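The values are calculated or read from the model by the stated rules, or taken from the named source; none is laboratory data. In this text the structure is predicted, and so the values were computed from the model without any measurement. With ideal geometry, Cβ positions are generated from the backbone for all residues, glycine too; neighbour counts draw on all protein chains shown. These accessible areas exclude ligands, DNA and RNA; they are computed on the full protein's heavy atoms, side chains included. Shrake-Rupley method; radii C 1.70, N 1.55, O 1.52, S 1.80 Å.
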Amino acid sequence: GRTNKDILRFHSRCRELLQHNVQGIRVVGSCGLNMAYVACGRVDGYVEENCPKLWDFAPGSLLVEEAGGYVGNPDGSQPLNLMGRSVLCAATKDLALRLKDVVTEADKYLDSITKDVAAMVAGADGDSEQHAAAAADETRAA
């Protein structure tokens, strides 16, 4: 199942993508179908981690590669680790690497927020109300 951290990661990535002028985000629910959409040009890119199984993305990776697209690991490396349960694909290598950068930026943002919240809860600096107000202001500004 999905953990709270998985849900927060998804929302953080959506937020970051939308801030980079992405026209839309589709959640189809099928790794193979998402990759087929990349291969035929219906969507520009797709990334998923810790979910698909080999039989979900191996056929899709073939479709994307044969269509001239880029398939690799979410960190941008190639070849795709078929046992890694994670995939990044896009219409072009440049787009895939830009998508990887946005995802990495979103994950860093989430990590920083998570640390701030943990510090507030723990009262690590004795002034958790001030941190809570600053975090709320930062979230509103983002």
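Tabulated values for the structure
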{"quantity": "DSSP H segments from the chain that extend 15 Å or more along their own axis, Cα-based, with Kyte-Doolittle mean of -1.0 or above", "calculated": "4-19, 54-66, 93-122, 128-141"}
{"quantity": "Whole-percent carbon and sulfur share, accessible surface of region 51-110, 1.4 Å", "calculated": "58"}
{"quantity": "Positive dipole terminus of the chain, leading residue within Ala91, Leu18, Leu8 (C-beta point charges)", "calculated": "Ala91"}
{"quantity": "Structure-based [θ]222 nm, the chain - -39500 (n - 2.57) summed over DSSP H runs of at least 4, per residue, nearest 500", "calculated": "-19500 deg cm²/dmol"}
{"quantity": "Debye equation applied to the C-alpha atoms of the chain, log10 I(q)/I(0) at 0.11, 0.16, 0.19, 0.22 Å⁻¹", "calculated": "-0.47, -0.84, -1.07, -1.34"}
{"quantity": "Simple spin-label estimate for Phe10 and Leu33 in nanometres, 7 Å along Cα-Cβ", "calculated": "1.5"}
{"quantity": "Peptides 25-31, 76-82 ordered by average Cβ neighbours within 10 Å, highest first", "calculated": "76-82, 25-31"}
{"quantity": "Extension reserve of the Gln19-Glu65 stretch, reckoned as 0.36 nm per residue once the Cα distance is removed", "calculated": "13.7 nm"}
{"quantity": "Size of electric dipole in the chain: Cβ of Lys, Arg +1 and of Asp, Glu -1, about Cα centre, debye, nearest 20", "calculated": "500"}
{"quantity": "Probe 1.4 Å, protein heavy atoms only - accessible area per residue of the chain in square angstrom", "calculated": "64"}
{"quantity": "Pairs of Lys in the chain closer than 22 Å at Cα, counting only those 8 or more apart or on different chains", "calculated": "6"}
